[in-house]
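To start, the structure under review is shown below, and the notes come after it.
The values are calculated or read from the model by the stated rules, or taken from the named source; none is laboratory data. The structure displayed is predicted, hence computed values, not measured ones. Positions of Cβ are backbone-derived with ideal geometry, glycine not excepted, and every protein chain shown enters the neighbour counts. To get the accessible areas, we keep the full protein, side chains included, count just its heavy atoms, and leave off ligands, DNA and RNA. Shrake-Rupley method; radii C 1.70, N 1.55, O 1.52, S 1.80 Å.
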Amino acid sequence: MAQVIAIANQKGGVGKTTTAVNLSASLARMHQRVLLIDCDPQGNASSGLGVRLQPDDPSFYTFLTDDGAPPPFHKPLPPPLDLTLIPSCATLAAAEWDLFSRDHAETLLSRKIHPLKDRFTHILLDCPPSLGLLTVNGLTAAQSVLIPLQCEYYALEGLTLLLDTIRKIRMRFNPDLAIEGILVTMFDRRNNLAHQVVNEIRKHLQFRVFETFIPRNVRLSESPSHGLPALLYDPGCAGAKAYLSLASEILTNGGT
Ligand SMILES: Nc1ncnc2c1ncn2[C@@H]1O[C@H](COP(=O)(O)OP(=O)(O)O)[C@@H](O)[C@H]1O
Ligand SMILES: [Mg+2]
């Protein structure tokens with residue numbers, strides 16, 4: 001049965017999509033069967049893997065709403081990397097409003113994912129930068145949430161809001177939702193603030209901070225424009241190595 005991990009933080013630009021793409025590719029490199037679902041209307045995970053949809057193409061939105069149709073699977077990476085993508089595109093932005101009118105709108109994704117679980121070892125959900133209905137769907141469908149955090153002054157305030165949302169999701173839709181861990185992203189070892197934020201989290205919060213810190217690495221920001229994860233764009237770069245190390249932490253600790 002697949003381990004379903006939502007990658008969420010309502011703050012934009014903290015490294016959710018970079019993590020979704022590079023962690024998916026790294027797990028695939030470690031012989032896992034990975035499904036990445038791009039739940040963000042901005043479609044960055046899709047374009048970052050070289051998949052650009054036309055407005056009428058089947059997408060994450062049709063996957064959520066169209067009962068009968070097969071899931072719109074894409075295979076963006078060359079074999080043997082077993083990565084499947086359900087891509088997104090901008091029509092989802094308008095469609096988020098349509099979702100509200102549906103019965104049990106918060107559990108749509110959870111119900112859609114269920115029959116796919118025995119086909120994959122990991123299902124990763126790249127959530128949008130909001131706590132709206134799409135993120136609620138992601139958190140409701142997941143077993144755990146991985147929280148990318150850029151260590152800066154306001155990071156902890158944002159974290160409180162996210163933890164509050166997670167508590168509400170547990171009460172209403174998904175009692176077993178666990179916190180996979182906090183992932184420090186865009187880490188600059190010369191910056192003392194980053195160390196302070198990590199210490200604060202360790203002191204005040206019970207859950208895991210991944211041993212792997214993702215360094216600020218220009219290769220990670222360049223690779224999406226080539227439609228590639230860093231491990232194919234520049235396998236030796238620090239960013240690619242960091243995401244491989246994160247993948248092994250998840251494989252070691254996350255066995256479900
Ligand atoms: N570790 C990193 N080093 C350098 N640039 C990064 C890193 N992680 C993300 N970025 C860049 O920062 C921007 C925001 O990252 P992204 O993953 O899209 O965040 P989010 O999905 O949370 O909005 C992107 O331009 C991305 O390429
Ligand atoms: Mg994103």
_Treating only the Cβ of Lys, Arg, Asp and Glu as charged (+1, +1, -1, -1), what charge dipole size does the chain show about its Cα centre? Round to the nearest 20 debye._
640
*Local charge sum around K11 (other residues, Cβ-Cβ under 15 Å, Lys/Arg +1, Asp/Glu -1)?*
-4
*Let me have the relative contact order for the chain, percent, based on Cα pairs under 8 Å that are six or more residues apart.*
26
*Inter-centroid distance (Cα atoms) of the stretch 53-98 relative to the stretch 157-216, Å*: 29
*Suppose R0 equals 45 Å; then what is the FRET efficiency for H104 and H204 from their Cβ-Cβ distance, rounded to the nearest 0.05?*
0.80
*Take a quick pass over the chain and tell me how many lysine pairs come in under 26 angstrom between Cα atoms, counting only ones 8 or more apart or on separate chains.*
15
*Rough spin-label spacing in nm, given labels placed 7 Å along Cα→Cβ, for S225 and A69*: 3.2
*Name the residues whose placed amide hydrogens come within less than 5 Å of the amide hydrogen of L36, ignoring near sequence neighbours (fewer than 5 apart) on the same chain.*
T84, L85, I86, L124
*Non-local amide H neighbours of G181 (under 5 Å, H modeled in plane, Pro and chain starts lacking H): which ones?*
V145, I147
*In whole percent, how big is the carbon plus sulfur part of the accessible area of the chain, probe 1.4 Å, protein atoms only?*
52
*If ligands, DNA and RNA are left out, what is the accessible area of M186 with a 1.4 Å probe, given in Å² to the nearest 10?*
60
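Provide the per residue accessible area, probe 1.4 Å, for the chain, rounded to a whole number of square angstrom.
46
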*Could you check what % of the DSSP bridge pairs in the stretch 3-253 are antiparallel, to the nearest 5?*
5
*Add +1 for every Lys or Arg and -1 for every Asp or Glu among the other residues with Cβ under 13 Å from the Cβ of D188, and state the total.*
+2
